[in-house]
1. Let me spell it out: the conditions are (1) in contact with an Asp or Glu (Cβ under 7 Å, 6 or more places away or on another chain); (2) part of a helix (DSSP H, G or I), and W253 meets all of them except one. Which number is the exception?
2. Given the options I599, I541, name the one that is hydrophobic (A, V, I, L, M, F, W, C), modelled with pLDDT of 95 or more and under 17 Å from the mean Cα position of the chain (by Cα).
3. Return the residues of segment 229-272 that are among the polar types (S, T, N, Q) and crowded, with 23+ Cβ neighbours inside 10 Å; say none if nothing qualifies.
4. Can you work out which of the residues in segment 79-106 that are basic (K, R) and under 30 Å from G233 (Cβ atoms) is modelled with the highest pLDDT?
5. Quick check, is D27 within 30 Å of V131 (Cα to Cα), part of a loop (DSSP other than H, G, I, E, B) and not polar (S, T, N, Q)?
6. Filter segment 305-338 down to the residues that are in contact with a Leu (Cβ under 9 Å, 6 or more places away or on another chain) and under 19 Å from E62 (Cβ atoms) and list them by number.
7. Any residue at all in segment 175-189 that's part of a strand (DSSP E or B), in contact (Cβ under 8 Å) with a residue 60 or more places away in the chain and not β-branched (V, I, T)?
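The values are calculated or read from the model by the stated rules, or taken from the named source; none is laboratory data. Note that the structure is predicted; figures quoted are calculated from it, not measured. Every residue, glycine among them, receives a Cβ derived from its backbone with ideal geometry; neighbour counts consider all protein chains shown.
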Amino acid sequence: MNIINEPISLTVWDNKYRYRREGKIIDQSVEDTWQRVTRAIAGAEKTAERAARQKEFYRILEDFNFLPGGRILAGAGTRHKVTLFNCFVMNIASDSLKGIFKAVEEGALTLQQGGGVGYDFSVLRPYGATVKKTGIQASGPVSFMRVWDAMCSVLLSTGTRRGAMMGVLRCDHPDIEKFIAAKADPHELRHFNVSVMVSDAFMEAVKNDNDWPLVFPLGKESPTGEIIYRPWGGSLNPVPCRIYRYVRARELWNKIIRSAYEYAEPGVLFSDTINRMNNLWYCEQINATNPCGEIPLPPYGACDLGAINLTQFVSAPFSAAAGMNWSGIEETVRIATRFLDNVIDVSRYPLKSQREQAHGTRRIGLGITGLADALVMLGIRYGSLESQQFARDVMKRVSEATWETSIELAREKGVFKYFKKDYLSGEFVTTLNENLRRDLEKYGVRNSHHNTIAPTGTISLLANNVSNGIEPIFRAEYDRHVRAINGEATTFRVRDFAYHLWLQEKGGKAMPPAWVDTDALPPHAHLQVQGAVQPYIDNAISKTINIPRDFPFEELADVYTEAYKLGLKGCTVFRPNPVTGSVLEVPEEHCCQYDGVNISR
């Protein structure tokens, strides 16, 4: 049975997940919410099996063992015209006003139904380029991003859920420097997270301090000047591009890092790692991610998210006998995998193209949350070698149980539509254990992608404020701002889940022996934990590396370089600054952690 200990948790449920219809409260309790959601998700099963499946689904929800994505909790089983997917990557089909405003319209429809959106703006020609039909000069990607930003703001004023958007630009686009600097203005692109898509070639140029060409595809233009070939947009093959100018790679890299240092953006995405490790390498090129970066996606791809709450599987916490219920985790993973696969079939989709993508790939993103709290409860210090090994073991078990279940679902319900034999030779797939690879070859698999680490910000609050995803604990106590239904912000003093449990069991003011929070962790510790789980995650990881205000700028380049060498698919840092907003605060220290749009769930 659910026990909500924190007032903020009850408020989160009431504001975000409680079903109301035309002003009337339908969900009288959290249990009613679970019944509504599980009944809807079990609806994808054969009629004779629905009751049993609903009971299974309810069991993993009722004690917060499994936390589905927020859109699932808010929308499943309601009459609201909303999607159950947290986010989508969208498409700008052509570099034209018609293509751009069609993309704006599709984004608006998706945001209206509760889904965040991500875009690759690299398809838009750079500032100053001549538009052939009119003879006028193009205004560039950043100018058109303002159109999306305004659209999102208008939707918010109508009461739509706070919009989350990701804007991505390639590191070789001629407007890359404008893009990097865009969010230095505290009023600019506030509804966007922004990330630079960085290639292996660029990282090599940075290493060697070489010149770096900024380019754009020729399209129908006659070849003039210096031409090179680059993959671009949705093309799986390189296309001819005209070199606009050269910059020093290291200088451009330092501009990216300086902006991240001063304003917490842009993040960095490693494009070749993303595409090299993509299970669908044979049929899609990925150029963008969802707004939080945990799911790299092709155009119209979607995030179907959920997380295993590790805190609920710790036995005898804070004692020498503390341990993990591994069989309980694996059983929950199997049920949760079926649950997320069913979401694909029962969800609404703002656009037909989104439905086609979701049904064609059946991507799911099952991850973990509460890692840092579980570590404290087990007596393991976050960032230590022991914590890295524990994170590795957890993610390996979760991954293998997810893949095993997906293969079983393929035998029961069929493989995903875009499955081909090429899938078996994918770089990630070939790292799976021998038994899984043998079964894959024999039976195929239900879902193209399986695991991720999402931020889980709001759903972790619902579960009595467990630590987010694989993030370290922020503080033992802090102030959290929550937006109410009427749009007004309310501030709560909240306690971390593990700290609250420690006080209940031990009392006194002493902290748990393994306690560590973001104040005490160097960036290296963040990266090592992220690197430990990455080999078992076929999607990606949403992770923010918190650094103190006095962290030396000169050392930040090493953080990004280490992230690249570890095989991570992206890297984001946050340093307290006056430009970026905050919803987490420690008043006595006036210290904050960015929450922006990137942990809205």
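1. The one condition W253 does not meet is (1).
2. Numbers: I599 fails: modelled with pLDDT of 95 or more.
On inspection, the qualifying residue turns out to be I541.
3. Applying the first criterion (among the polar types (S, T, N, Q)) to segment 229-272 yields 235, 237, 254, 259, 271.
Residue satisfying the conditions is S271 alone.
4. From segment 79-106, those basic (K, R) are 79, 81, 98, 102; that's our starting set.
This time we only want the ones that are under 30 Å from G233 (Cβ atoms), so: 98, 102.
Working: K98: 93, K102: 97.
In this case the residue turns out to be K102.
5. Numbers: within 30 Å of V131 (Cα to Cα): no; part of a loop (DSSP other than H, G, I, E, B): yes; not polar (S, T, N, Q): yes.
Considered against the rule, which asks whether it is within 30 Å of V131 (Cα to Cα), part of a loop (DSSP other than H, G, I, E, B) and not polar (S, T, N, Q), D27 comes out as no.
6. At the first step, the residues of segment 305-338 found to be in contact with a Leu (Cβ under 9 Å, 6 or more places away or on another chain) are 305-311, 314, 317-318, 322-324, 329, 333, 336-338.
Result: G306, A307, I308, N309, L310, T311, V314, I329, V333, A336, T337, R338.
7. Going residue by residue through segment 175-189, those that are part of a strand (DSSP E or B) are none.
Checked against the condition, which is being part of a strand (DSSP E or B), in contact (Cβ under 8 Å) with a residue 60 or more places away in the chain and not β-branched (V, I, T), segment 175-189 yields no hits at all.
This table checks each residue for (1) free of Cβ contacts under 8 Å to residues at least 24 places away in the same chain; (2) touching a strand residue (DSSP E or B) at 6+ places or on another chain (Cβ under 8 Å); (3) surrounded by fewer than 24 Cβ atoms within 10 Å (Cβ to Cβ).
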{"residue": "S327", "(1), (2), (3)": "yes, no, yes"}
{"residue": "E330", "(1), (2), (3)": "no, no, yes"}
{"residue": "F339", "(1), (2), (3)": "no, yes, no"}
{"residue": "S353", "(1), (2), (3)": "no, no, yes"}
{"residue": "G370", "(1), (2), (3)": "no, yes, no"}
{"residue": "G379", "(1), (2), (3)": "no, no, yes"}
{"residue": "E400", "(1), (2), (3)": "no, no, yes"}
{"residue": "K413", "(1), (2), (3)": "no, no, yes"}
